[in-house]
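Presented below is the structure to which this report refers.
The values are calculated or read from the model by the stated rules, or taken from the named source; none is laboratory data. Model, not experiment: these values are computed from the prediction. So basically every Cβ, Gly included, is an ideal-geometry build from the backbone, and we count neighbours across all protein chains shown. Protein only, heavy atoms only, side chains kept; ligands, DNA and RNA dropped before computing areas. Shrake-Rupley method; radii C 1.70, N 1.55, O 1.52, S 1.80 Å.
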Amino acid sequence: MRKQPSTLIVLKRRGRVSLQSQLVGNLKELVRTMILRPGEGVPSTRELARDLQISRNTVVQAYDRLVGEGYLEAHPRRGLFVSRSLAQTNLEISQPEAAANLPTAFPDSVGVALPRPFRPCQPDVRLFPIALWSRIHGRILRAGSPALLAYQSHLPLGLPALRKALADYLRESRGVKCDWRQIAITSGSQQALFLLAQLLLRPGLIVAMEDPGYPGARLAWNHAGARLRLASVDSEGMKLSLTDNCSTRLIYVTPSRQFPTGACLTLGRRIALVQFAGESKAFIIEDDYDSEFRYSRPPLQSLQSLDSFGRVIYVGSMSKVLFPSLRIGYVVLPVSLIEPFAALKSLADDHSPLLDQATLAQFIETGAFARYIRRCRREYGDRLQTFLESASKLGLPLKFPHTDGGMNVAGLLDRQADDREIAGRLQRIGLDIPAISSYAIKRVHPGLIFGFTAFSPATIKKSLEAAARVLVCPVQC
Ligand SMILES: Cc1ncc(COP(=O)(O)O)c(C=O)c1O
């Protein structure tokens, strides 16, 4: 015997989706799977409401939607029927199949989550003064002019107030030489890297970068079709042979703290690099992603501060000092690149969100930014101490060559170790500690990258104890 449609309808009473939308979805599915065929009548609203124990109004509205979308048609005095026109239609491409074809690289079922220990490069967003930020944001919305809500296509490089505040900050804290008009606000520093790749590279041009190095940058160069010249990294940072002919178009470097090893580029190498770029007309991108976090000494002066040729492009981010989902980064451009960069940014997204930029400008101007950096510096410094003390007590088979700052420490393993295999074992016990070799193209000294800033001292200790059970065990145990 044919089942009543109502027996095939499943509604979640306490779900987040309204009963009406659930009913619409269920009925579409019955049509799609031909349980309700074109030309067939559907139950009356009274009948269906009674069977499903829902209000008749809900059924009336669901049916109205289905009529509006062409799934049902009304026949005067006879009732509602599945549209006959669907008989010629291939309903197989309706939602369930379409959903099955969606890429799975970015699962949306997971929702938002905090990072697991010891995911690198993660600030502790729980420390962020949300109440203060939202007060500033609210004040701007209430008192500010409605113009902040309109397109401001003449500001592709960002809000002047923020660019001026940043220019002061960078001059003061990092010795960056710039006029505020050289600053462009981007959607995270990742967008700055992407746009610079589009601006400066063409297929076949050469980009020199550190290996191991930052994958986000490498992907941007690859996407522009550039060829990579990989420079190894030692205790003095990027080791680039500068006897090169003039074919290197771009040098990407993380001089304050090499990503991911943590080495700091020595002054001698900095001077040589800038000299080389000046003479060979290459550009240098200085990615200064976390330089605010030096715990025992003030931040280092930037590479850009040594440049008298106008070849260094300085890139920074609010992701580590504030919070990553803000997606605000910035780039200090040589004068010759301001206009072409503005044109490209405009093409990409007109401009980055202005309300956030205005909020950030005031956050900086009122001193809250400097206070928050000081607070994080203290907190993260303590966490680094906890990390190193616990690692030493546990006798981990790791050497930590660079421990004076940053958000991560690289722990070097024995030269023969298989760091990816070890990272895989750590992953299986719930720890997120990537292998150094996962950031490299060539063979590099094996090791593990521990981010320590996003986790409380208690979590650091507990998680390191768990890691020790894997690390002190030479084979799978
Ligand atoms: C070296 C380096 N550069 C750039 C970024 C990207 O930062 P943003 O969030 O500003 O895109 C990261 C992020 O972890 C990074 O590690």
Restricted to segment 347-390, and to residues that are over 29 Å from residue 157 (Cβ atoms) and acidic (Asp, Glu), which residue is least open to solvent (accessible area, probe 1.4 Å)? 379
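Yes/no matrix, rows are residues, columns are (1) more than 14 Å from residue 394 (Cβ to Cβ); (2) open to solvent by 70 Å² or more (accessible area, probe 1.4 Å); (3) among the charged types (D, E, K, R):
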| residue | (1), (2), (3) |
| --- | --- |
| 447 | yes, no, no |
| 452 | yes, no, no |
| 468 | no, no, no |
| 472 | no, yes, no |
Within segment 273-289, does at least one residue satisfy the condition of being within 23 Å of residue 375 (Cα to Cα) and modelled with pLDDT under 95? yes
Quick check: anything in segment 120-130 modelled with pLDDT of 95 or more, open to solvent by 20 Å² or more (accessible area, probe 1.4 Å) and farther than 30 Å from residue 261 by Cα? yes
Taking segment 246-267 and keeping only residues that are of a type in the set (Lys, Arg) and crowded, with 24+ Cβ neighbours inside 10 Å, one is left with 257
When both residues are 6+ apart or on different chains and their Cβ atoms are under 9 Å apart, which pairs have a first residue that lies in segment 347-362 and is over 13 Å from residue 141 (Cβ atoms), and a second that is open to solvent by less than 10 Å² (accessible area, probe 1.4 Å) and of a type in the set (Ser, Thr, Tyr)? 348/186; 352/186
Residues of segment 404-430 satisfying the condition of being under 25 Å from the mean Cα position of the chain (by Cα) and surrounded by fewer than 18 Cβ atoms within 10 Å (Cβ to Cβ): 420, 424, 427, 428, 429, 430
When you scan segment 288-301, do you find a residue that is in contact with a helix residue (DSSP H, G or I) (Cβ under 9 Å, 6 or more places away or on another chain), more than 16 Å from the ligand (Cβ to nearest atom) and aliphatic (A, V, I, L, M), even just one? no
I need a count of the residues in segment 328-366 that are outside any loop (DSSP other than H, G, I, E, B) and on the phi > 0 side of the Ramachandran plot. 0
Residues of segment 173-215 being open to solvent by 10 Å² or more (accessible area, probe 1.4 Å), within 16 Å of the chain's Cα centre (by Cα) and of a type outside the set (A, V, I, L, M, F, W, C), in sequence order, are 187, 189, 190, 191, 214, 215
I'm checking my understanding of the structure. Among residues of segment 431-445 that are of a type in the set (Val, Ile, Thr) and assigned to a loop (DSSP other than H, G, I, E, B), which one is least open to solvent (accessible area, probe 1.4 Å)? 433
In segment 180-190, which residue that is touching a residue at least 60 places away in the same chain (Cβ under 8 Å) and in contact with a Lys or Arg (Cβ under 8 Å, 6 or more places away or on another chain) is farthest from residue 348 (Cα to Cα)? 181
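Here's the yes/no breakdown for (1) more than 22 Å from residue 351 (Cβ to Cβ); (2) within 16 Å of the ligand (Cβ to nearest atom); (3) touching a residue at least 24 places away in the same chain (Cβ under 8 Å):
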position: 174; (1), (2), (3): yes, yes, yes
position: 178; (1), (2), (3): no, no, yes
position: 193; (1), (2), (3): no, yes, yes
position: 197; (1), (2), (3): no, yes, yes
position: 207; (1), (2), (3): yes, yes, yes
Quick check on segment 212-225. Is at least one of its residues away from the ligand (no atom under 16 Å from the Cβ), touching a strand residue (DSSP E or B) at 6+ places or on another chain (Cβ under 8 Å) and not aliphatic (A, V, I, L, M)? no
Suppose we filter segment 302-327 for residues that are more than 14 Å from the ligand (Cβ to nearest atom) and either without any contact (Cβ under 8 Å) to a residue 12 or more places away in the chain or part of a strand (DSSP E or B) (or both); how many remain? 1
With respect to residue 65, determine if the residue is open to solvent by 70 Å² or more (accessible area, probe 1.4 Å) and farther than 19 Å from residue 4 by Cα. yes
